[in-house]
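Here, each number is a calculation from the coordinates, and none is a lab measurement. These numbers come from a predicted model, not from an experiment. Every residue, glycine among them, receives a Cβ derived from its backbone with ideal geometry; neighbour counts consider all protein chains shown.
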Amino acid sequence: MNRRWAAIGAASAGLAVVAGAFGAHALRARLGPDALAVWETAARYQMYHALALLALAASGRHGAAARAAGWAFVAGTVLFCGSLYALASSGVRGLGAVAPIGGAAFVAGWACLAWAVLRERADPPPDDRPPVPPTQPTRRP
C-alpha cells in the first residue's frame, strides 16, 4: 500500500465529510438553493476522488502513471472542488472559471489510473509465512 496516497485520500475524505456537514447545517440558512447545490457538488466530487486515492493506495502501483494519477486527483480536488467551494460561499462568478481546469485534471487522473492498471505491475502481496532459513550444504565423507 502506498502510504502517501492513503494518507492524502483519508484526509481528503474526512474534509469532504466536514464540508458536506457544514454545507448541510451551517450554510443552509446563509446560502441560496443554487449556491448550496454547488457546495454539495464540490463535497461529492471531493469524496469521489478521495476514494480514488485510497483505491490507488491499495492497488500497490507505484509507477509513473500511478503517481501522475494521484497528483492529478489532488490537483483536481484543489482546483475543481476548491473553486466550487469559493464560488458557493462568495458568489463571485469568476471563480467558476477555474472548475473546468480541475475537471480536466480529474479526467487526466482517471486516464492515468487506467493506464497504470493495464500497464504497470503492482507490488506483490505480502507473504505472511515466516522466511525459510537457508540450508547448509551437506558434506560427503
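The H on the amide N of Arg61, modeled in the peptide plane, is under 5 Å from the matching H of Asp123, each at least 5 residues off or on a different chain.
Provide the net charge surrounding Phe73, with neighbours chosen by a C-beta distance below 15 Å and charges set as Lys +1, Arg +1, Asp -1, Glu -1. Combined, the nearby Lys, Arg, Asp and Glu give +4. Who wins for biggest fluctuation among Ala29, Ala19, Ala42 in a Gaussian network model of the chain, springs between alpha carbons below 10 Å? Most flexible of the set in this elastic network: Ala29. Estimated from helices alone, the mean residue ellipticity of the chain at 222 nm is -22500 deg cm²/dmol (sum of -39500 (n - 2.57) over DSSP H runs with n ≥ 4, per residue). Each residue of segment 71-85 is assigned a 3J(HN,Hα), and the resulting list reads 5, 5, 5, 5, 4, x, 5, 5, 6, 6, 5, x, 5, 5, 4 Hz, derived from the Karplus form 6.51 cos²θ - 1.76 cosθ + 1.60 (θ = phi - 60°), x at Gly and Pro.
Computed on segment 3-88, with alpha-carbon pairs under 8 angstrom and 6+ residues apart, the relative contact order is 43 percent. What the phi angles of segment 59-66 give under the Karplus curve with 6.51, -1.76 and 1.60, with θ = phi - 60°, is a coupling list of 5, x, 8, 10, x, 4, 5, 5 Hz, glycine and proline written as x.
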